[in-house]
1. What does the charge count around Tyr218 come to, taking other residues whose C-beta lies under 14 Å from its C-beta (Lys +1, Arg +1, Asp -1, Glu -1)?
2. Which ³J(HN,Hα) values in Hz, rounded to whole numbers, follow from the phi angles of region 187-192 under the Karplus curve 6.51 cos²θ - 1.76 cosθ + 1.60, where θ = phi - 60° and Gly and Pro get x?
3. Under 5 Å between amide H atoms, partner at least 5 residues away or on a different chain: which partners does Asn12 have, H built in plane at 1.01 Å?
4. Once amide H atoms are placed 1.01 Å from N in the peptide plane, what residues at a sequence separation of 5 or more from Ile3, or on another chain, have their amide H within under 5 Å of its amide H?
5. Quick check on region 182-237: what are the equivalent-ellipsoid semi-axes from the Cα gyration tensor, as sqrt(5λ), descending, whole Å?
6. Residue by residue, what Karplus-based ³J(HN,Hα) values in Hz, rounded to whole numbers, does region 284-299 have, using 6.51, -1.76 and 1.60 with θ = phi - 60° and x for Gly and Pro?
7. Give the calculated FRET efficiency between Ala272 and Ile108 to the nearest 0.05, with a Förster radius of 22 Å applied to their Cβ-Cβ distance.
8. Collect residues whose amide H, placed 1.01 Å from N in the peptide plane, falls under 5 Å from the amide H of Ala32; neighbours closer than 5 in sequence don't count.
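Since every read-out is calculated from the coordinates, none of them should be taken as a lab result. Remember, it's a predicted structure, so these values are computed and weren't measured experimentally. Here the Cβ positions follow ideal geometry from the backbone for every residue, glycine too, while neighbour counts run over all protein chains shown.
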Amino acid sequence: MSIQFPCTECENTLEVPDGSEGQQARCPACSALVNVPDTQTHNAERSTETHDFMNPYASTSALDPQGTSSFEPVGEITVQQIDIGWTLKATWELFKVHFGILIGIFMIMVAAGFLTSMGLLILRFAVLAINGELNQPDALTPIMIGFSVFENITSQLVNLWFTIASIRIMLQIARNQPADLALLLQSAPFMIRTFLATLLFGIIFFVGLILFIVPGIYFMLTYWNYTYFIVDRNCGVLEAFRLAKTHASGNRLSIFVTGLIFIGLGILGVLALCLGWIATTPFCMLLLVITYLTMTGQPFVQPRVVGNMQA
């Protein structure tokens, strides 16, 4: 599941996922650049039966050699407390290495949203022309009300499709797998569950906001990562909400602070003539993925300290 090895400078025990052998990683405790040891050398006494390497995450976010997708969850998850400072640092280290593809994914999402909006706008004018209502584009006729509902659902589905794809690709990046852009076309297995979960989340969140706001915020802090459980663990809707609630235990304050950081970075990005928004948004998207992995106790390529070996 993971590789544990001592930092050569501070002697803290670090943990990275399998597949990181031979790479360099920066220790989050002392910032030293260390080499990840080969598992067959580091764990020779425990791994003498085979020399074959198998990535334990290969079946969650990647394609198998035959080209078919496998979505069975692999590995244990545990409830862990979020360290905000370390999570931000880990996200930044990963972002610096992969900023090109992360920004590229975000721009694809923006382009998909723009093309969808343009296509729906053209379709709206076509419907108006067919019904002879071009001179009254804002008229609340039954046809236009129905088309407005269709527009909203279509936009939401496109957004969900690329949200699922971006989460899967960022999980690959975090787990030291090659980023497979083909996943941008492979969100279908998760769409129905994610749509139903999003609809349920939106209804309950809205009701919570009506009830003096606080219940809505509490609900959001508890269940915000339901999509990650559906995509990463291949859960059903109710199971995703159950796991989200379990892992929110003791983490709601940290999630709230992370949310404020997310909003703050978004505002800064917009204030920077919107150019900073192109960088801050994918960084925030990666931050949510790393937060999810952290609170579920799953290792990723950026080391984390799991113990101190000093006497």
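1. Values: positive: Lys245, Arg252; negative: none.
Every neighbour counted, the sum reads +2.
2. With the stated coefficients, region 187-192 comes to 8, 3, x, 10, 5, 5 Hz.
3. Excluding prolines and chain starts, which carry no amide H, the hits are Cys7, Met309.
4. Amide H neighbours of Ile3, under 5 Å, 5+ apart: Val16, Asp18.
5. Working: eigenvalues 137, 22, 14 Å².
Semi-axis lengths for region 182-237 are 26, 10, 8 Å.
6. Values per residue, Gly and Pro as x: 5, 4, 5, 4, 5, 5, 5, 4, 4, 5, 5, 6, 9, x, 9, x Hz.
7. Details: r = 22 Å, r/R0 = 0.98.
Using R0 = 22 Å, I get an efficiency of 0.55.
8. Cys27
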